[in-house]
1. Starting from the Cα of Q65, move 7 Å in the Cα-to-Cβ direction to define the label point; list residues of the range 102-121 whose amide nitrogen is under 14 Å from there.
2. Express in nm, to one decimal, how much length is gained between L102 and A129 on full extension, taking 0.36 nm for each residue of separation and deducting their alpha carbon distance.
3. Just name one of A55, H124, L135: the one whose Cα is farthest towards the positive end of the charge dipole of the range 43-150 (beta-carbon charges, Lys/Arg +1, Asp/Glu -1).
4. Roughly speaking, what % of Cα-Cα pairs in the range 43-150 are separated by over 23 Å, rounded to a whole number?
5. Kirkwood hydrodynamic radius, the range 123-193, all distinct C-alpha pairs: what's the number in Å?
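Bear in mind that the values in this text are calculations on the coordinates, not laboratory data. All figures in this text were calculated on a predicted structure; none of them were measured in a lab. A quick note on method: Cβ atoms are made from the backbone with ideal geometry, for glycine too, and the neighbour counts reach across all protein chains shown.
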Amino acid sequence: MATRAQLFLLLITILCCKAHGQRIPPSSLPLQPAPSPAPHIGPKEWCAGFTWPLAVDDAVEFLRQSQVFSDSAVGYAGEPTPQVAAFNVIMDDPHALSHIDLLANTDRPIGRLYALCAYQVLDHDKHAALLETLLQDNRTVHTQFGCLGGTEPVRDVLTLIEGNDEGKRFRSAKEATYAAFSGTDNVCARAAGR
């Protein structure tokens, strides 16, 4: 049962809405064109250029050239991604920060997003500087989070990275990711038809 305060707030809301003038009927609102659907990005695109085991220089290049920013587990089965495998190969290297600096200074937004995730763990000052730069990036990128893929503005991906602390999540997925790619039943092996 509604309290007096709730009823009073409802009444005020109704009166204020009516006091603002008449609403435009939905049929007279200007129609905005629907955005174009994102091109399909799937396992073949996620895995393009990926081989396991991965040398650290190859991991840097793979993330620099990656066509998708993915979470640590994708698809209905929550499978590890080659991007997170490459991320962890770089992070395991004693010179990880210099490799991440290369990614941060590339012109490709996906590589820079992975650099931002690494800076969350490695260097808070560089993280803050790259975050500020990426907030000005008006491009869109392909994404895959769980079983949801699409195309999103870089700024929206930043919200996910910061809100989920993706750098730490990627690091915590290291063992499962390495195990998946060390075997023969993983997303990239299936995409290649092996």
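1. The answer is 111.
2. This chain segment gains 8.3 nm when fully extended.
3. Result: L135, furthest along the dipole toward the positive end.
4. Result: 23 percent of Cα pairs exceed 23 Å.
5. After inverting the mean inverse Cα-Cα distance, the result is 14.4 Å.
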